[in-house]
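Read through the structure below, which is laid out as structure tokens, and then see the notes.
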Amino acid sequence: MERDGRHGDGGHTTHLDSEVTRRAPGPMLAADEAGPGGPSRWRAFARRSRSLRLVSVTICFALFGLMFARRQRAATHAPSGAAPGGVDVNVPHVTGSITLDGDADDVGWRGSTLRTGAFVGPDGLAPVHPYSEARIVWGDGFLYLNLYAADEDIRALGKTTDSLAPDEDAFHLVFRSGTTERVFDINPLGVVTDGVRERGGPLDLSWDSHSHVSHELDGTANQSNDNDEEWVLEVAIPFASLGLRGTPGERIGLAMHRCDTTHRGQRVCGAWGEAGAGKRLVLGPP
């Protein structure tokens, strides 16, 4: 704020002090008070000083209110896909075709991708066994995810949409934009449970993401008397379902975990983007 005598309490105080010093130095004060009209002159100065301070305080509050209103308008009119805070991670644009067949050998997956590395435990550091990871690219109006899961005992109970059981093997994805969360659970057979909610509220399973999922198993689901190897999911989610346009620079929060039930019945989960500030996908240039 300027302090040149026109705005602010400090500027006016300096002006008045110089005026008082010029018109009524200390030795003259008693003489003025003794003469006619002395006290009334000082009462006028006091009233003027108080009025100027009141004007300064009013201006400060008005400026603060204007700044607050601008911030509120900026938050209200945030661009589509605005995401809460998190660590930005770049998602490359796909450089080739992707065929949804459960394989990761398409040209689109051999180019540059966002690769999460091993999913980790609650400390956000130690990799979890069995191994899980994801690769992500975007293009053609979709966000593409390749989800990999090592698994010695594949369990997939849900057979129809929105029917997954709480204890089956699955990837759990939560996309966050503002206060809205779009939630996906996908089992080894590619069966999807998807829903939308406001943060902290109930999940609305009537929402349909219109996502496309393919799967590939190296093993036999739901047969615990053998040893399986792994399963892979290819997922294509339309940007419109995520509240995005699919343009470079758009952001959306993402947290994932994958849970597995071992041969011994132990439930093990590894995560990405759930610890700390989380992760925020940023669509890279084409």
Fill in the blank from the handout: Those residues of region 197-227 that are surrounded by 15 or more Cβ atoms within 10 Å (Cβ to Cβ) and in contact with a helix residue (DSSP H, G or I) (Cβ under 6 Å, 6 or more places away or on another chain) come to a total of 1
Problem - Condition met for Gly253 (under 28 Å from Asp88 (Cα atoms), touching a Gly at 6+ places or on another chain (Cβ under 7 Å) and part of a strand (DSSP E or B)) - result: yes
Problem - Hits in region 102-111 - residues which are surrounded by fewer than 17 Cβ atoms within 10 Å (Cβ to Cβ) and either in contact with a Gly (Cβ under 9 Å, 6 or more places away or on another chain) or modelled with pLDDT of 90 or more (or both) - result: Gly102, Val107, Arg110, Gly111
Handout entry: Candidates Leu143, Leu114, Leu147, filtered to the one that is among the hydrophobic types (A, V, I, L, M, F, W, C), within 30 Å of Asn225 (Cα to Cα) and at pLDDT 95 or above
Key = Leu147
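The values are calculated or read from the model by the stated rules, or taken from the named source; none is laboratory data. Computed from a predicted structure; not experimentally measured. Using ideal geometry, Cβ is built from the backbone for each residue, glycine included, and neighbour counts are taken over all protein chains shown.
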